[in-house]
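A.B. asks: Please find one structure pasted underneath; my questions will follow.
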2 protein chains.
Amino acid sequence: MARNPIQNKRMRDERRQAILSCAVRLFATRGLAATKVADIAAAVGMSQGLLYHYFRSKEEIFVEIVRQAFERMNTAARDLERLPLTPRQKVEQAATTLMRTLEEHENFSWISVLISTASISDAVPAEARAIIRRERDVPYRVVARLARAGQRDGSFDDGRPDDLALVFWTTVKGLALHRLALGPTYKSPDPRVLTRIFFSETPT
Amino acid sequence: MARNPIQNKRMRDERRQAILSCAVRLFATRGLAATKVADIAAAVGMSQGLLYHYFRSKEEIFVEIVRQAFERMNTAARDLERLPLTPRQKVEQAATTLMRTLEEHENFSWISVLISTASISDAVPAEARAIIRRERDVPYRVVARLARAGQRDGSFDDGRPDDLALVFWTTVKGLALHRLALGPTYKSPDPRVLTRIFFSETPT
DNA sequence: CCCTCCATTGAATGACTGTTCAATCAAATC
DNA sequence: GATTTGATTGAACAGTCATTCAATGGAGGG
């Protein structure tokens with residue numbers, strides 16, 4: 001193995017990521033409590049003991065997954081908001097991107113499901129709960145602001161912005177769920193099922 | 001206690017229902033594995049041992065909940081389908097009823113969340129998985145048929161009926177989730193967020 | 001008043017599983 | 001080739017928790 005301390009750290013990080021990405025689908029399909037450390041170790045292909053060389057505990061793995069998930073999702077949401085586009089274009093782009101991501105990256109769906117269940121659950125580590133509480137409504141707020149902007153400039157229909165944002169993300173989560181149920185057969189619906197939440201077909 | 005064997009059975013059934021309705025929210029918030037038998041017993045207010053007088057195992061409780069949930073939901077769906085109404089009226093009635101139920105009966109949301117998580121989970125008893133596999137798409141099919149009927153008679157917009165049904169139920173599930181997060185503060189959005197999936201505002 | 005059911009308890013049991021640890025291995029540096 | 005440093009293992013440990021069970025209570029019927 002690499003003795004170079006920098007390469008060393010990199011390999012360690014890669015190994016941690018490998019563990020995380022195996023653990024995601026286990027946690028998503030079984031939940032934290034029902035996922036055994038032995039399962040994770042088997043999925044990664046290492047001994048149980050070695051897992052504890054990379055993470056202090058099963059809970060730490062879980063927390064790390066939650067942390068990274070929100071980091072990526074919220075960065076993407078804020079990036080979208082900053083793009084120099086009209087509200088209508090932003091919604092269209094978000095809808096198209098999300099539908100494509102659903103089809104192409106199974107991982108997005110695993111993470112989405114994991115977060116959904118973790119958000120409800122009483123049985124998650126306190127640290128994970130804190131992250132969730134702090135981060136979970138960022139995407140909702142972004143979309144609600146978008147809805148408000150669109151309604152102000154007249155390109156969107158009416159409806160309480162918060163409700164519309166809720167329906168928007170709810171639909172995405174539901175599709176993610178469905179995508180996992182179907183596997184590779186899955187085909188995303190027309191992005192208009194998302195855009196229609198905000199405005200009817202006819203371009204202004 | 002009632003010695004009358006008929007009354008006796010009735011009291012036993014009531015007790016079983018009491019256990020089930022306490023267990024639902026525990027299973028919904030923690031998942032099957034993370035819910036301890038001790039928790040359920042404490043919630044009902046009985047000893048752990050006594051639980052086993054009413055149910056053979058923790059899993060049996062879970063399975064019974066799943067069974068009853070699908071029974072009610074699917075009966076309601078099929079009842080709606082049989083009503084002498086136009087597709088448009090049926091969708092409107094379903095939307096209104098669901099929005100009201102969400103506000104008034106917290107239990108509906110608990111059950112909805114329980115079923116959602118159970119549907120994904122690998123870690124549910126085989127019997128529950130069988131019930132889920134067998135029953136879960138009844139409501140989807142009912143709504144898809146409705147969509148097809150509405151499109152045929154021209155009162156609905158276009159869109160793949162299966163996709164529309166998916167989006168419809170997904171939204172309901174998402175709202176149930178949100179309703180639990182908010183508690184008594186929750187206020188259902190305008191039913192049109194549901195009807196709009198199928199047709200635009202203007203009445204034909 | 002006794003006998004028979006059922007409800008009820010609380011403690012014992014036994015399996016499961018997260019975590020620790022002492023020991024081995026392998027690579028790189030000197 | 002000796003030494004250091006991190007990777008890796010497998011078994012042991014400890015705590016948790018579902019399930020069982022022997023014993024008690026209490027209500028109605030004879």
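A.B. asks: Which whole-angstrom value gives the distance between the alpha carbon centres of the stretch A:49-124 and the stretch B:86-156?
C.D. replies: 26
A.B. asks: Find how much the distance from B:Asp162 to B:Leu182 grows on full extension, using 0.36 nm per residue of separation minus their present alpha carbon separation; answer in nm with one decimal.
C.D. replies: Length difference between fully extended and current span is 4.2 nm.
A.B. asks: B:Arg152 versus A:Val138, label points 7 Å from Cα toward the beta carbon: distance in nm?
C.D. replies: Using points 7 Å along Cα→Cβ, the separation is 4.8 nm.
A.B. asks: Also, quick follow-up: Return the long-range amide H neighbours of A:Asp157 (sequence gap of 5 or more, or a different chain), with a cut-off of under 5 Å between placed amide H atoms.
C.D. replies: A:Phe199, A:Ser200
A.B. asks: Is there a simple number for the mean count of other chain Cβ atoms within 10 Å of the Cβ of residues in B:110-123, and what is it?
C.D. replies: 4
A.B. asks: Starting from the Cα gyration tensor of the protein assembly as shown, take the square roots of the eigenvalues, sort them a ≥ b ≥ c, and report rounded, prolate or oblate (rounded when a/c is under 1.5, otherwise prolate if a/b is larger than b/c, else oblate).
C.D. replies: Oblate shape, in that a/c is at least 1.5 and b/c is the bigger or equal ratio.
A.B. asks: Could you pull out every one of the lysines with an alpha carbon less than 22 Å from that of A:Lys90, ignoring same-chain neighbours closer than 8 positions?
C.D. replies: Filter leaves A:Lys173.
A.B. asks: Please list 3J(HN,Hα) in residue order for the stretch A:176-193, calculated via the Karplus relation 6.51 cos²θ - 1.76 cosθ + 1.60 where θ = phi - 60°; whole Hz, with x for glycine and proline.
C.D. replies: Once θ is set to phi - 60°, the couplings for the stretch A:176-193 become 4, 4, 5, 4, 6, 5, 7, x, x, 5, 4, 10, 5, x, 3, x, 5, 4 Hz.
A.B. asks: Once the other residues with Cβ under 10 Å from the Cβ of B:Pro189 are scored (Lys, Arg +1; Asp, Glu -1), what is the net sum?
C.D. replies: With Lys, Arg at +1 and Asp, Glu at -1, the neighbours total 0.
A.B. asks: Along the stretch B:59-65, what does the Karplus equation 6.51 cos²θ - 1.76 cosθ + 1.60 (θ = phi - 60°) give for ³J(HN,Hα), rounded to whole Hz, x for Gly and Pro?
C.D. replies: 4, 4, 4, 4, 4, 4, 4
A.B. asks: Still on this model: To check my understanding: the extent here is largest minus smallest coordinate of the Cα atoms along each principal axis. What are those three numbers for the stretch B:59-195, in Å, largest first?
C.D. replies: 47, 35, 25
A.B. asks: Further question: Quick one: label points 7 angstrom along Cα→Cβ at A:Tyr186, distances to the other copies in nm, smallest first?
C.D. replies: Nearest first, the other copies' label points are 2.5 nm away.
A.B. asks: Averaged across the residues of B:25-32, what count of C-beta atoms belonging to other chains lies within 10 Å of each residue's C-beta?
C.D. replies: Per residue, the number of nearby Cβ atoms from other chains is 4 on average.
A.B. asks: On to the next question. Give me the dipole magnitude in Debye, nearest 20, for the protein assembly as shown about the Cα centre, with unit charges on the beta carbon: positive for Lys and Arg, negative for Asp and Glu.
C.D. replies: Roughly 860 debye, rounded to the nearest 20.
A.B. asks: Find how much the distance from B:Glu60 to B:Glu104 grows on full extension, using 0.36 nm per residue of separation minus their present alpha carbon separation; answer in nm with one decimal.
C.D. replies: 13.0 nm
A.B. asks: Reachable lysines from A:Lys9, Cα under 22 Å, same-chain residues fewer than 8 places away excluded?
C.D. replies: Qualifying lysines at Cα under 22 Å: A:Lys58.
A.B. asks: Provide an ascending nm list, one decimal, of label-point separations from B:Arg141 to the equivalent residue in each further copy; define each label point as 7 Å from Cα along Cα→Cβ.
C.D. replies: With the label placed 7 Å along Cα→Cβ, B:Arg141 yields 4.5 nm.
A.B. asks: Could you work out the relative contact order of chain A, using alpha carbon pairs under 8 angstrom and six or more residues apart, expressed as a whole percent?
C.D. replies: 24
A.B. asks: List the accessible area buried at the contact between A and B, summed over both sides and calculated with a 1.4 Å probe, in Å² to the nearest 100.
C.D. replies: Chain pair A/B: roughly 2600 Å² of buried accessible area.
A.B. asks: Counting partner chain Cβ atoms within 10 Å of every residue's Cβ in A:172-181, what's the average?
C.D. replies: 4
A.B. asks: Put +1 on the Cβ of each Lys and Arg and -1 on the Cβ of each Asp and Glu in the protein assembly as shown; which of A:Ser57, A:Tyr186, B:Leu85 then has its Cα farthest toward the positive end of the dipole?
C.D. replies: Most positive-ward Cα: A:Ser57.
A.B. asks: Only helical DSSP H runs with n ≥ 4 go in: add -39500 (n - 2.57) per run for chain A, normalise by residue count and round the 222 nm mean residue ellipticity to 500 deg cm²/dmol.
C.D. replies: After summing the helix terms and dividing by the residues of chain A, the value is -24000 deg cm²/dmol.
A.B. asks: Enumerate the calculated ³J(HN,Hα) couplings along the stretch B:17-24 in order (Karplus 6.51 cos²θ - 1.76 cosθ + 1.60, θ = phi - 60°), each rounded to whole Hz, writing x wherever the residue is Gly or Pro.
C.D. replies: Calculated HN-Hα couplings, in order: 4, 4, 4, 4, 6, 6, 5, 3 Hz.
A.B. asks: Then there's this: Using a Förster distance of 22 Å, how high is the FRET efficiency between A:Arg78 and B:Asp190, based on the Cβ-Cβ distance and rounded to 0.05?
C.D. replies: 0.15
A.B. asks: What FRET efficiency comes out for the pair A:Tyr52/B:Gln17, r = Cβ-Cβ distance, R0 = 45 Å, nearest 0.05?
C.D. replies: Approximately 0.50, to the nearest 0.05.
A.B. asks: Using 0.36 nm times the number of residues separating A:Gln93 and A:Ser200, minus their current alpha carbon distance, what extension gain do you get?
C.D. replies: Contour length minus Cα-Cα distance gives 36.9 nm.
The values are calculated or read from the model by the stated rules, or taken from the named source; none is laboratory data. Owing to the predicted nature of the structure, the values given are computational and were not obtained by experimental measurement. Please note: Cβ atoms are built from the backbone with ideal geometry, for glycine as well, and neighbour counts cover all protein chains shown. With ligands, DNA and RNA removed, areas are computed over all heavy atoms of the protein, side chains included. Shrake-Rupley method; radii C 1.70, N 1.55, O 1.52, S 1.80 Å.
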